[in-house]
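Participant: The structure is given below, and queries will be raised subsequently.
The values are calculated or read from the model by the stated rules, or taken from the named source; none is laboratory data. Being a predicted model, the structure only gives us computed values, none of them experimental. For neighbour counting, all protein chains shown are included, and Cβ atoms are generated from backbone atoms with ideal geometry for every residue, glycine included.
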Amino acid sequence: MSVNSVFSESEEVSNQSRQAKQKNKIIRALSKASDPLTIPELQKMVRISTPTTIKLTNELMDDDLVLEEGKKETENGRRPTLYTLNINKFYAIGVEILFKRISIAVVRLDQKVVLEKQDKNFRLENTPECLETVISFIQETLQETNIEKEHILGIGIGLTGRVNTLTGESYNFFNFHDEPLAQYLTKRLKKRIYIDNDTHVMGLAEQVLGQAKEARNALILNVSRGLGMTIIAHKRIVTGGMGFAGEFGHMQMGNSEKLCICGKRGCLGMEVSGYALEENFKSDISGGGISLASSNKELEDIRYDDIIEAANEGDGLSINLLQQMGEKLGMALGNIVNLLNPELIIIGGKFAQAGYMFTDSIKTGMNKTALTIPLRYLTIKTSQLGSETGYIGASAMVFKQHDLI
């Protein structure tokens, strides 16, 4: 029996389908257990009779999905056998699609990346041609990996823009088919597709592998070209009714009169984002400012990454812009702290590379708006996951959907 057949959803009521669901329970219990389990421990978790647990575990061992892991140490009597999941049979594909990059990885259940590739020349457009580029990129990866296809549980995709993770619809990109994007890609790639926006995927990566692992209530910020937020409440990611929860960049907390992509003015993302940093930098340079970031590039070619790098090298103009932006972000976050009372805020995205230079100014801004007691309870950290955050989170989405993590 393959992994996918164990997890297949069937309305059929038969002894065979019932046993498949029971095997599913055993696999999930072993996957979530921190240590190998004995049959009595497993039986207690899955609430199946001991004879049935033994029978099904042996069948899963015959299918090479479960392994014996030695004997449990006991003070006396016969030592019981320990069982664990064969993680080499459980994989997911994680894909991150951003405006100027597409990344993909084949990830094992223990979050080990076995194959990773990216295309920095990719440009996201809402066209059939661009979608075909994405499909080809995924198909090439499936062909390159030596993992048997039956051991790949599905493909998770983190896509920039507004996405309804419940229906699989994308509202900003690849929205020209008569069916939801996830449904269309499932047919084309012959693998179950799970889709969410890139910010929620980043938040899931922090929850599974990063600094939000133990947090009950946390905010994970994606500060890159845009501004987004993942809200974790009682250890669950809040997606909202249509998957739009966390559109922090479109909250009316700014003073800017610049027209946002959403069609409104005053959006915070027009003052705090990579786009805003580039615009502010150009304005200062045009007004006579001098910066290391503009010494080797034309002004129009400078990206916010270059400005963050210049700030880390001690460039005064870049540091000043980052700190002004951090303080604005902190003032906005102070209001969210008063509303949700998180214990942890993680600054993720490209702005995490600015480290304490950015977080210290965020704290200054928060002191102006947040209540004193919830602020004392709060810890602010920068993400340590790096560039792999997107595809790790996207693959984790697949494992999460199968209730394996």
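Participant: Do any strands (runs of 3 or more DSSP E) entirely within the stretch 28-134 hold 3 or more residues that are surrounded by fewer than 20 Cβ atoms within 10 Å (Cβ to Cβ), and if so, which?
Facilitator: Per the criteria, 66-71, 81-85, 113-119.
Participant: Answer with yes or no whether Ile237 is modelled with pLDDT of 95 or more and β-branched (Val, Ile, Thr).
Facilitator: Against the criterion (modelled with pLDDT of 95 or more and β-branched (Val, Ile, Thr)), Ile237 does not qualify.
Participant: Out of all the residues in the stretch 280-310, which are of a type in the set (D, E, K, R), part of a helix (DSSP H, G or I) and either over 21 Å from Gly349 (Cα atoms) or within 28 Å of the chain's Cα centre (by Cα) (or both)?
Facilitator: Looking only at the stretch 280-310, we keep the residues that are of a type in the set (D, E, K, R), and these are 282, 284, 297-298, 300-301, 303, 305-306, 309.
So of that shortlist, the ones also part of a helix (DSSP H, G or I) come out as 282, 284, 300-301, 305-306, 309.
Across the stretch 280-310, the qualifying residues are Lys282, Asp284, Glu300, Asp305, Asp306, Glu309.
Participant: Quick check on this structure: which one of Thr364, Thr379, Thr369 is touching a helix residue (DSSP H, G or I) at 6+ places or on another chain (Cβ under 6 Å), touching a residue at least 12 places away in the same chain (Cβ under 8 Å) and surrounded by fewer than 17 Cβ atoms within 10 Å (Cβ to Cβ)?
Facilitator: Working: Thr379 fails: touching a helix residue (DSSP H, G or I) at 6+ places or on another chain (Cβ under 6 Å); Thr369 fails: surrounded by fewer than 17 Cβ atoms within 10 Å (Cβ to Cβ).
On inspection, the qualifying residue turns out to be Thr364.
Each row is one residue, and each column tells you yes or no for (1) within 27 Å of Phe173 (Cβ to Cβ); (2) not assigned by TED's automatic domain parsing to the domain that holds Ala182.
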| site | (1), (2) |
| --- | --- |
| Pro80 | no, yes |
| Val95 | yes, no |
| Ser103 | yes, no |
| Leu109 | no, no |
| Val113 | yes, no |
| Glu116 | yes, no |
| Val134 | yes, no |
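Participant: Scan (1) over 15 Å from the mean Cα position of the chain (by Cα); (2) buried (at least 21 other Cβ atoms within 10 Å of the Cβ); (3) farther than 30 Å from Cys260 by Cβ for the single condition Ile155 breaks and write down its number.
Facilitator: All conditions pass for Ile155, except number (1).
Participant: Could I ask something else about it? If Met325 passes every condition in (1) within 28 Å of Thr199 (Cα to Cα); (2) in contact with a helix residue (DSSP H, G or I) (Cβ under 6 Å, 6 or more places away or on another chain) but one, which one does it miss?
Facilitator: Met325 satisfies every listed condition except (2).
Participant: Testing Pro342 on (1) touching a helix residue (DSSP H, G or I) at 6+ places or on another chain (Cβ under 7 Å); (2) buried (at least 21 other Cβ atoms within 10 Å of the Cβ); (3) of a type outside the set (Val, Ile, Thr), one condition comes back false. Which one is that?
Facilitator: The single condition Pro342 does not satisfy is (1).
Participant: Could you please find all residues in the stretch 311-329 being over 18 Å from Gly226 (Cβ atoms) and in a helix (DSSP H, G or I)?
Facilitator: Ala311, Asn312, Gly316, Leu317, Ser318, Ile319, Asn320, Gln323, Gln324, Glu327
Participant: Mind telling me which of the residues Thr57, Thr74 ends up being at pLDDT 95 or above and over 30 Å from Arg123 (Cβ atoms)?
Facilitator: Going through Thr57, Thr74 in turn, the sole match is Thr57.
Participant: Between a residue in the stretch 28-48 that is of a type in the set (S, T, N, Q) and any residue that is in a helix (DSSP H, G or I) and crowded, with 16+ Cβ neighbours inside 10 Å, which pairs come within a Cβ distance under 6 Å, given they are 6 or more apart or on different chains?
Facilitator: Gln43/Thr53
Participant: Quick one: in the stretch 295-345, which of the residues that are farther than 17 Å from Tyr356 by Cα and among the acidic types (Asp, Glu) is modelled with the highest pLDDT?
Facilitator: Restricting to residues being farther than 17 Å from Tyr356 by Cα and among the acidic types (Asp, Glu), the top hit is Glu343.
Participant: Name the residue that is surrounded by the fewest Cβ atoms within 10 Å (Cβ to Cβ), counting only residues in the stretch 273-316 that are polar (S, T, N, Q) and within 23 Å of Lys258 (Cα to Cα).
Facilitator: Filtering the stretch 273-316 for residues that are polar (S, T, N, Q) and within 23 Å of Lys258 (Cα to Cα), the one surrounded by the fewest Cβ atoms within 10 Å (Cβ to Cβ) comes out as Ser286.
Participant: Hey, can you tell me all the residues within the stretch 352-404 that are out of contact with any Lys or Arg (no Cβ under 7 Å at 6 or more places or on another chain) and assigned to a loop (DSSP other than H, G, I, E, B)?
Facilitator: Matches in the stretch 352-404: Gly355, Ala370, Leu371, Tyr377, Leu378, Ser383, Gln384, Leu385, His402.
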